[in-house]
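Structure first, commentary second.
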Amino acid sequence: MPAAPSVPEADIPDADILHVLIVGAGLSGIGAARRLQRRCPGKRYAIVEARESIGGTWDLFRYPGVRSDSDMYTLGYDFKPWTDAKAIADGPAILRYIRETAQEGGITRHIRFGLRVRSAEWSSPDACWTVTAERAAGGGSTVFRTRFLYMCSGYYSYAEGHRPRFAGEADYRGIVLQPQFWPENLDYSGKRIVVIGSGATAVTLVPEMAKTAAHVTMLQRSPSYVVTRPSIDRLALWLKSRLPSGAAYRLARWKNVLVSMFFYQLARRRPEQMKKRIIEMARAQVGPEFDVDTHFTPRYKPWDQRMCLVPDGDLFQRIREGRAAVVTDGIECFTERGVKLASGDELPADIVVMATGLKLNVMGDVAVRIDGRACDLGATLAYKGMMLGDVPNLAMTFGYTNASWTLKADLTAGYVCRLLRYMDRHGYAVATPRRDPSVLPQPFLTFTSGYVRRALAILPKQGSQRPWAVYQNYLLDLFNLRYGRIADGVMQFGAGAES
Ligand SMILES: Cc1cc2nc3c(=O)[nH]c(=O)nc-3n(C[C@H](O)[C@H](O)[C@H](O)COP(=O)(O)OP(=O)(O)OC[C@H]3O[C@@H](n4cnc5c(N)ncnc54)[C@H](O)[C@@H]3O)c2cc1C
């Protein structure tokens, strides 16, 4: 007999069991709720959100210039046109868009704010998850019971970023900052700034801070691919001026899906050609004097890691103006005045920003138990990149690494609704993708970036073939998730509660 969930019955706030509990009120959670309302209108659902506000990433990150690095025609929801002029959008505009979606759909009243989910226990006899969420600072806990658990908790820790430690930090007299915890009202005008890192955050911060700082140096150990893209999508705006907003949005979305897939495929099939082209483009923008070989020529192939996008070439422009510079070197130690480099040079700095990356986590660090047994998520196999082998009635959102996150999040939400409707039609209460022991586990993500490599052990695995393979390919996923059979022989169904 499996152990019963260790939750006292009296703690359950509502005698009714939810049909769906969504964890996370970010871009994915709000999109999931909207789709659930539309496709499964009879379902009783709630959203649990650890923070006091909607928006996730787009509410948490407040550093100067925070913006998307993919276009909003694909980062926006498929059901809600993005109407701002800028396709590469500022963080606050994205936050408004998510909040507006929640308001329009009447979703906000379904959200329970300030509750961090700590554990989720599945009971087969009850065909139900018991989910325990805690309030911050000893504020007690709340228990939810739900038939289906839908994790929209993002992919990284909100509590900490990746923060390497350097010798001599204690001696440094200036300010050390992390982008994830940006202090409100920090005045950096006239200051000398060093930004450590070469990823999306660094290439955003450097040109923005360089507008008013005395000087900004991007200090990188090794270069990334930096690609210029217009912040405004002229074709999308032209379509908008001629067509109804929904039709224009759909066309712009498809155009951007196909264009980005084309360039991704080209990069994978002809990496040398693509590398040459990207480097030539950088050279044309920074000018002949600049050492592009050292600072903008990565050692890896295009799309082995996510590309860094700079809208309208703003980073290159600041470099041309002399307001920003790039240094490619190791860090020896911090000194009183700044950062001493492996080459022996010293970079004086009033502020050092550690744009050293995110710390990935899995399913919001929730401890999952199935019939009393702890489930090691790092040992599970992802089914269609969104459910887990041998884990009943649970889906998670994990977006694309080579395209906008929402493209996959939308497909995942659509699939969850299809699954729930199928279960209702056939009188099933439980759906479990049954793992095939002959499918060998492979890494969930193939990126070589540090933040991915550091997390490979804790991420679920994927298999080499359908339905266990994780495709970073919208068209394949569209076909599989929107039109593929729900009862595919791998998904096993059960009637439900024994009692
Ligand atoms: C600075 C930055 C820029 C980005 N730009 C892009 C981009 O341009 N294009 C792109 O495709 N992707 C981008 N990303 C990735 C981005 O995170 C996703 O696009 C998207 O915002 C993820 O949405 P989400 O709702 O899945 O996760 P999140 O935005 O991370 O939201 C998750 C929510 O779940 C809550 N939560 C987590 N764990 C728990 C728990 N245990 N209990 C209760 N609540 C919990 C969190 O508080 C949060 O509100 C960017 C990421 C960052 C950090």
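Looking at Lys340, is it closer than 12 Å to Leu219 by Cα and open to solvent by 40 Å² or more (accessible area, probe 1.4 Å)?
yes
Looking only at region 124-141, which residues are within 20 Å of Arg373 (Cβ to Cβ) and either crowded, with 22+ Cβ neighbours inside 10 Å or within 11 Å of the ligand (Cβ to nearest atom) (or both)?
Cys128, Trp129, Thr130, Val131, Thr132
Kindly indicate whether Lys255 is among the basic types (Lys, Arg) and over 23 Å from Lys86 (Cβ atoms).
When the stated conditions are applied, Lys255 does not pass them.
It is to be established whether one or more residues within region 435-443 are open to solvent by less than 20 Å² (accessible area, probe 1.4 Å) and within 16 Å of the ligand (Cβ to nearest atom).
no
Identify all residues within region 170-200 that are out of contact with any Ser or Thr (no Cβ under 7 Å at 6 or more places or on another chain), of a type in the set (S, T, N, Q) and surrounded by 13 or more Cβ atoms within 10 Å (Cβ to Cβ); write none if there are none.
Matches in region 170-200: Gln178, Gln180.
Kindly list, by first and then second residue, each pair from a residue in region 240-259 that is closer than 20 Å to Leu475 by Cα to a residue that is among the small types (Gly, Ala, Ser) and surrounded by 16 or more Cβ atoms within 10 Å (Cβ to Cβ), limited to pairs with Cβ atoms under 6 Å and residues at least 6 apart or on different chains.
Matching pairs, first to second residue: Ala252/Ala236.
Please go through region 142-169 and give me each residue that is open to solvent by 50 Å² or more (accessible area, probe 1.4 Å), among the small types (Gly, Ala, Ser) and either within 11 Å of the ligand (Cβ to nearest atom) or not in a loop (DSSP other than H, G, I, E, B) (or both), ordered by number.
Ala159
Within region 281-297, is even one residue closer than 30 Å to Asp78 by Cβ and either touching a helix residue (DSSP H, G or I) at 6+ places or on another chain (Cβ under 9 Å) or assigned to a helix (DSSP H, G or I) (or both)?
Looking through region 281-297, none of the residues is closer than 30 Å to Asp78 by Cβ and either touching a helix residue (DSSP H, G or I) at 6+ places or on another chain (Cβ under 9 Å) or assigned to a helix (DSSP H, G or I) (or both).
How about region 27-54: which of its residues are away from the ligand (no atom under 12 Å from the Cβ) and aliphatic (A, V, I, L, M)?
Listed by number, the list holds a single entry, Leu36.
Check Thr108, Thr130 and return the single one that is closer than 30 Å to Ala248 by Cα and among the β-branched types (Val, Ile, Thr).
Sole residue among the options that is closer than 30 Å to Ala248 by Cα and among the β-branched types (Val, Ile, Thr): Thr108.
Just one of the numbered conditions (1) under 30 Å from Lys408 (Cα atoms); (2) not in a strand (DSSP E or B) is not true of Gly139; which one?
It fails just one condition, (1).
For residues in region 348-375 being acidic (Asp, Glu) and away from the ligand (no atom under 13 Å from the Cβ), which is least open to solvent (accessible area, probe 1.4 Å)?
Here the answer is Asp371.
Scan region 103-123 residue by residue and report those that are within 11 Å of the ligand (Cβ to nearest atom) and over 15 Å from Leu27 (Cα atoms).
Result: Arg112, Phe113, Gly114, Leu115, Arg116, Val117, Arg118, Ser119, Ala120.
Right, Ala247: open to solvent by less than 40 Å² (accessible area, probe 1.4 Å), hydrophobic (A, V, I, L, M, F, W, C) and farther than 30 Å from Arg163 by Cα or not?
So Ala247 fits the description; yes.
From Tyr415, Tyr451, grab the single residue that is within 16 Å of the ligand (Cβ to nearest atom), farther than 16 Å from Ile486 by Cα, surrounded by 19 or more Cβ atoms within 10 Å (Cβ to Cβ) and not aliphatic (A, V, I, L, M).
Result of the check over Tyr415, Tyr451: Tyr451.
Could you grab me the full set of residues in region 461-489 that are loosely packed, with under 15 Cβ neighbours inside 10 Å and outside any loop (DSSP other than H, G, I, E, B)?
Leu475, Leu476, Phe479, Arg482, Tyr483, listed by residue number.
Considering region 262-302 alone, what residues qualify as being open to solvent by less than 40 Å² (accessible area, probe 1.4 Å) and under 22 Å from the mean Cα position of the chain (by Cα)?
Result: Pro302, single match.
Could you tell me which residue of region 303-337 is most open to solvent (accessible area, probe 1.4 Å), considering only residues that are of a type in the set (D, E, K, R) and part of a loop (DSSP other than H, G, I, E, B)?
Among those residues, the one meeting the criterion is Arg337.
Tell me whether region 178-185 contains one or more residues that are within 15 Å of the ligand (Cβ to nearest atom), assigned to a strand (DSSP E or B) and more than 18 Å from Val339 (Cα to Cα).
No, every residue in region 178-185 fails to be within 15 Å of the ligand (Cβ to nearest atom), assigned to a strand (DSSP E or B) and more than 18 Å from Val339 (Cα to Cα).
Can you tell me which residues in region 55-102 are open to solvent by 10 Å² or more (accessible area, probe 1.4 Å), out of contact with any helix residue (DSSP H, G or I) (no Cβ under 6 Å at 6 or more places or on another chain), touching a residue at least 40 places away in the same chain (Cβ under 8 Å) and more than 8 Å from the ligand (Cβ to nearest atom)?
Arg62, Phe79, Thr83, Ala85, Lys86, Arg99
Give me the pairs, please: first residue somewhere in region 315-338 and farther than 23 Å from Thr297 by Cβ, second residue anywhere and outside any helix (DSSP H, G or I) and among the β-branched types (Val, Ile, Thr), beta-carbon distance under 7 Å, and either six or more positions apart or on two chains.
Final answer for the pair search is Gly338/Val194.
Could you please give the count of residues in region 107-122 that are under 14 Å from Pro392 (Cα atoms) and open to solvent by 10 Å² or more (accessible area, probe 1.4 Å)?
Going through region 107-122 one residue at a time, the tally reaches 1.
The values are calculated or read from the model by the stated rules, or taken from the named source; none is laboratory data. All of these numbers come straight from a predicted model, not from anything done at the bench. Cβ sites come from the backbone with ideal geometry, for glycine too, and all protein chains shown count toward neighbours. Accessible surface is based on the protein model in full, side chains and every heavy atom, while ligands, DNA and RNA are left aside. Shrake-Rupley method; radii C 1.70, N 1.55, O 1.52, S 1.80 Å.
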